[in-house]
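Single-structure report; data block below.
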Amino acid sequence: MQICGHVFTPSILGRIRERLSVGADLSRSALSRELCRWLNWRGANGRLQEVRARKALLELDRRGLIELPPPHRLPPQQRDDAPLEPWQGPRFSGTLAELGGVELVAVTGEELSLLWRRMMATHHPQGAGPLCGAQRRYLIHSPQMGWLGGLAFSGSAWHLRERDRWIGWSPQARRANLSRVVANSRFLLLPSIQVPHLGSHVLALASRQVVADWTRDYGQAPVLLETFVDETQFAGTVYRAANWQRLGQTSGRGRQDRGAGVSKAVYALPLTPNWRSVLCQEPKPELRIPEPLDPEAIPTGGGSWAAQEFGTLALPDGRLRTRLIRLAEAFFAQPTATLSSALQGDAGQTKAAYRFFKNPQVTLQTLLQPHYQNTLARITAHPWVLVAQDTTSLNYAAHPATSGLGPINTRADGALGLKLHDSLALTPEGVPLGLVDIQLWARDAEAMGQARQRKQRPIEEKESLRWLTSFRRTAEFQRLCPQTRLVNIADRESDLYELFQEATRDPQGPHLLIRANRTTQRQVEIDEGIAPLWDYLPAQPLIGRQLIQIPSRGGRKARLAELALRLAPIRLQPPKRLQAEPIDLWAIHAIESCPPEEGDAVEWLLLTTVPTQTLEEASERLGWYAARWNIEVYHRTLKSGCRIEDRRLGDADSLASCLAIDLVVAWRILYLTKLGREAPDLPCSVCFEVDEWKALYCYTDKTPVPPESPPPLGDAMRRVAKLGGFLGRKGDGHPGATTLWRGLDKLYYLTEGFRIFHPSVPGGP
C-alpha cells in the first residue's frame, strides 16, 4: 500500500510492529525518525522527512495496521496555552520614500517568534496559526519606524480546482511537483502604518527572498506562489499591484475538508519563465523488485493472477486498484470479447469501466508500473535474459470519431491510429517474462513528409530515439539485477550508430544484439584501410553450420533452415555526419545454404557487444536473435487475440489506459503458451483456478467427476488449445497463442456452467 508517497510493504509493517513491541518508552517522534532512516526517506535537502513519516504512522494506526503509543504532547489545537498579549506597533502615515528602507527579517529564535505570533494574533484575521508543513516566517522592518508587519510562507493546498486547471498538470505530476508551489499563508501590514504601495513593495521583496531561503532550507526552488483572499473583507488590490494573477474562487471547503467555509479568491505568481513545464513534468516511477503481497492489502482477488500482477498499484484511491484487477480478469477470461461483452453486458460495470479509463489518475504508465516490478522479479531468476524491442501500428481507422489519433501509414492511405514501441523480456528459450518498456504516441499530421530531411536532424528530434529510449530502460533493469545479464535485441530498423554508442558507454550495462541493415552501408576498419561491412563479413572463413527454425510469415511457410556461419571482430566506422570514434563489436554472418526455390535465402548479419569467438557462441547469438520472433507473435496476440483495435473509447488517452490491461493480458496468454511447452510437468494450478481446470477436464473427458489433483500443465494447455481449434495430430507440434486465446474464450463459459452445478468449488474473484 502507498501512504504519503511511500510504499509500505509487509516487511516494513512487520519491522514497525516489532519496534513498537520492544520499545516501551519509544515516542512517536523517535519512531518517525527511525522510519525515515529505514526507508532512507529524505527531502531534496537531505533531511529526514519526519513530518511525512509521522503522518504515515498516524494513517497506519488509523487503519488498525499498527498501534502507536499515546502522544507525549497534545496537538496544538488541543493545548491549553495562555493567550498571547496584544501587540501595538508604531504609527506612521506618509510615502514610501519618507518611510525609508524596508527589509525582511527572518524569524529565528524565541524572541522574534513570540513577536511574530503576538502581531498575528492581534491584527490578522486568521491569527498566528499553526502553519502547515514546510514554512518560513518573516517580519517587516523599517530602520526608521521599527516593526511594520509580517509574512509567512508554508506548504501549498493539496488540491485546488482553479489552480490545478490553470497549471494543467496531471494528478501524478501534481503529487510529484506540489512541493515547488509555496503558499503565502500570512501577510500583515499593521493598520497603524498608512503608506501607499508599501504592500506591493513588500510582496516583491518577499517573492525574491523566499526563493533563496526555501531553496537553502528545503533543497527545492519554488516556481509558483499562491495565496487566498477573503473578498468579503479585502479587495486583493495589493496582490494585483504586485503582478499576482487572480485565478478564480475556492469551493470554501477548507484545507482539511471539514465542512463549508468562506469561499476565497485564488491568486498566483509565477517565479520562473518555465514554471509550467517544471510543474507539469510527469514523475518517473521508481523501479524496484517487489516484495510478496500482503493478502490483507489486496481488496479483492488476493489469490488471482491479476491481483498478483497489479496488486501493488500505487494510487491514492484503492477502489481504482480493485477496478483494475476486475477488468484484467474479465479481459483475460474472454480475450476476444468487446468491453461490454467481457463484463457480461452489465450496464453498471461497463459504465464504471468507461469512467475508470477516463480517470486522469489512470494512465498507461501508472497501470503498467506494478507489472514492470514483477517483470524485474522474474528476470532476476535467470542468468541471461533477452529484451526484444519492436514497433507496430495500432489502426483505429474504423473509429474516425476517436480524438487524439494520428497518421500511421502514408498520407495517401489516410489511416489513423497510434504507434506502439514495446520491449519484451524473454528467456533464451523464448518464455516471455513481461514488459520492460512501452512507448505510445500519435504522429503529428503536420510533420508528415519530412522524411527527406531526417538525416539533417539530430536523433533526439526523430522517432528513431525510441530505440535508444528502450535501451536506456533496459539499462535501468540491468542496474537492479547485476547477477543477470540482459541483452537488448532489435531488427534492422534499429541499426543506428547512436545506439552502438549508447551500448558501449557503460561496461556494466546491458549488451546489444541487432541485425544490420544493408542500406546503412556500414564501413569497417581493416589492415588495408576501410571496407564495406557487407563485403568484409561474407569473405571470412566458414566456421560451421547451424539449423534455425524459420517461422511462417505472410505467404512464407515455416521451415527448418541450415545457415552457414562466419564471424569476425570488427571496428565499426562512424557515419560522416557524426564526429565520433570507431566502435569495437563482433559480427556474425549467417546465410541459408540451400534456400527454397520459391523464396529468398535467409541472410542475417548480426552485430553485438557480446564477445563471440567460437562456433558455439555464434550459434547461441543466432538463437538469441531467432527468439526475437516472439515479440512479433506478441503483437499478433495483442491485435487478433485481445482485439485492441476494436476498442471504442472516444479518445486516445482512454485507449492508452485500456491498452495497459490488454498489453498484460496478451503477455500472459503468450506466457502460458510457452510455459506449457517449456515446463509441461508443472501442475496446471500454477496457471488455472481450481474451478477452471476441473471444468476443463470434466468437459473434455465427458465426465461429471473432475480429477482429484491438478493435472500437468502441458496436458491442460493442449486441452484448452483444442477448445480453440487445435487438432493435436502427431505432426502438429505444440499449440500456439491463436488457438489458446480462442480456447480461453470457451473455457470461460465452461467454468461458469461448472460453478452453477458445483457450488462447493470456490469461484474466482
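The values are calculated or read from the model by the stated rules, or taken from the named source; none is laboratory data. None of these values were measured; they are calculated from a predicted model. No Cβ is skipped: glycine too gets one built from the backbone with ideal geometry, and neighbour counts run over all protein chains shown.
Odds and ends about this structure:
- The number of residues in region 87-121 that are loosely packed, with under 11 Cβ neighbours inside 10 Å and either aromatic (Phe, Trp, Tyr) or closer than 23 Å to ALA212 by Cβ (or both) comes to 3.
- Residues that are surrounded by fewer than 18 Cβ atoms within 10 Å (Cβ to Cβ) and among the charged types (D, E, K, R), drawn from region 454-490: ARG454, LYS455, ARG457, GLU460, GLU461, LYS462, GLU463, ARG472, GLU476, ARG479, ARG485
- In region 239-260 there is no residue matching the filter, namely being in the same structural domain as GLN144 (by TED's automatic domain parsing), touching a residue at least 60 places away in the same chain (Cβ under 8 Å), more than 38 Å from the chain's Cα centre (by Cα) and over 25 Å from GLU282 (Cα atoms).
Yes or no, residue by residue, for (1) hydroxyl-bearing (Ser, Thr, Tyr); (2) surrounded by 21 or more Cβ atoms within 10 Å (Cβ to Cβ):
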| site | (1), (2) |
| --- | --- |
| THR608 | yes, yes |
| THR612 | yes, yes |
| GLU616 | no, no |
| ILE661 | no, yes |
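- Contacts under 6 angstrom Cβ, first residue in region 487-503 being among the hydroxyl-bearing types (Ser, Thr, Tyr), partner surrounded by 19 or more Cβ atoms within 10 Å (Cβ to Cβ), 6 or more apart: SER494/TRP467; SER494/ILE514
- Within region 563-592, being surrounded by fewer than 14 Cβ atoms within 10 Å (Cβ to Cβ) and closer than 21 Å to TRP624 by Cβ holds for PRO569, ASP584.
- Flag if GLY623 is outside the structural domain of TYR497 (by TED's automatic domain parsing) and not acidic (Asp, Glu): no
- Residue within region 554-566 that is in contact (Cβ under 8 Å) with a residue 60 or more places away in the chain, outside any loop (DSSP other than H, G, I, E, B) and either closer than 30 Å to ILE379 by Cβ or out of contact with any helix residue (DSSP H, G or I) (no Cβ under 8 Å at 6 or more places or on another chain) (or both) present: no
- Boolean, LEU189 is in the same structural domain as ARG174 (by TED's automatic domain parsing) and surrounded by 18 or more Cβ atoms within 10 Å (Cβ to Cβ): yes
- Counting only strands (runs of 3 or more DSSP E) that fall entirely inside region 82-197 and contain at least 3 residues that are over 21 Å from PHE234 (Cα atoms), the qualifying elements are 103-106, 135-142, 146-155.
- Neighbours by Cβ (under 8 Å, 6+ apart or cross-chain): first from region 648-662, more than 16 Å from THR338 (Cα to Cα); second among the small types (Gly, Ala, Ser) and not in a helix (DSSP H, G or I): ASP651/SER403; ASP651/GLY404; ALA652/SER403; ALA652/GLY404; ALA652/ALA442; ASP653/GLY404
- Verdict on TRP586 being assigned by TED's automatic domain parsing to the domain that holds ARG457, at pLDDT 95 or above and in a strand (DSSP E or B): yes
- Considering the conditions (1) more than 16 Å from SER185 (Cα to Cα); (2) under 30 Å from the mean Cα position of the chain (by Cα); (3) modelled with pLDDT under 80, GLN78 is excluded by exactly one of them, (2).
- Residues located in region 166-184, provided they are small (Gly, Ala, Ser) and buried (at least 21 other Cβ atoms within 10 Å of the Cβ): ALA183
- Enumeration of residues in region 495-511 that are surrounded by fewer than 23 Cβ atoms within 10 Å (Cβ to Cβ) and within 26 Å of the chain's Cα centre (by Cα): GLU498, LEU499, GLU502, ARG505, ASP506, GLN508, GLY509, HIS511
- Being surrounded by 21 or more Cβ atoms within 10 Å (Cβ to Cβ), over 30 Å from ILE459 (Cβ atoms) and out of contact with any Phe, Trp or Tyr (no Cβ under 7 Å at 6 or more places or on another chain) is a property that LEU638 lacks.
- A count restricted to region 136-155 and to residues that are in contact with a Ser or Thr (Cβ under 7 Å, 6 or more places away or on another chain), without any contact (Cβ under 8 Å) to a residue 40 or more places away in the chain and either on the phi > 0 side of the Ramachandran plot or of a type outside the set (Gly, Ala, Ser) (or both) stands at 0.
- For region 128-178, a residue qualifies if it is among the hydroxyl-bearing types (Ser, Thr, Tyr) and modelled with pLDDT of 90 or more, and the qualifying residues are TYR138, SER142, SER154, SER156.
- Residues that are of a type in the set (D, E, K, R) number at least 2 in the following strands (runs of 3 or more DSSP E) confined to region 337-446: 416-426.
The rows are residues; the columns are (1) in contact with a Gly (Cβ under 9 Å, 6 or more places away or on another chain); (2) under 24 Å from ASP662 (Cα atoms); (3) at pLDDT 85 or above; (4) of a type outside the set (Ser, Thr, Tyr).
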residue: VAL266; (1), (2), (3), (4): yes, no, yes, yes
residue: ILE298; (1), (2), (3), (4): yes, yes, no, yes
residue: ALA314; (1), (2), (3), (4): yes, yes, no, yes
residue: LEU324; (1), (2), (3), (4): no, yes, yes, yes
residue: SER340; (1), (2), (3), (4): no, yes, yes, no
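- Annotation note: of ASP217, ASP213, the sole residue that is among the acidic types (Asp, Glu), part of a helix (DSSP H, G or I) and in contact with a strand residue (DSSP E or B) (Cβ under 6 Å, 6 or more places away or on another chain) is ASP213.
- Any hit, region 459-468, residues being modelled with pLDDT of 90 or more and in contact with a Phe, Trp or Tyr (Cβ under 9 Å, 6 or more places away or on another chain): yes
- Filter result for ARG755 (modelled with pLDDT under 85 and out of contact with any Leu (no Cβ under 9 Å at 6 or more places or on another chain)): yes
- Filtering THR350, THR380 for residues that are free of Cβ contacts under 8 Å to residues at least 24 places away in the same chain and touching a helix residue (DSSP H, G or I) at 6+ places or on another chain (Cβ under 9 Å) leaves a single hit, THR350.
- Restricting GLN549, GLN540 to those that are under 26 Å from ARG636 (Cα atoms), surrounded by fewer than 16 Cβ atoms within 10 Å (Cβ to Cβ) and assigned by TED's automatic domain parsing to the domain that holds PHE471 reduces the list to GLN549.
- Helices (runs of 4 or more DSSP H) completely within region 651-765 that count 3 or more residues being farther than 23 Å from LEU426 by Cα and touching a Lys or Arg at 6+ places or on another chain (Cβ under 7 Å): 652-678, 690-701
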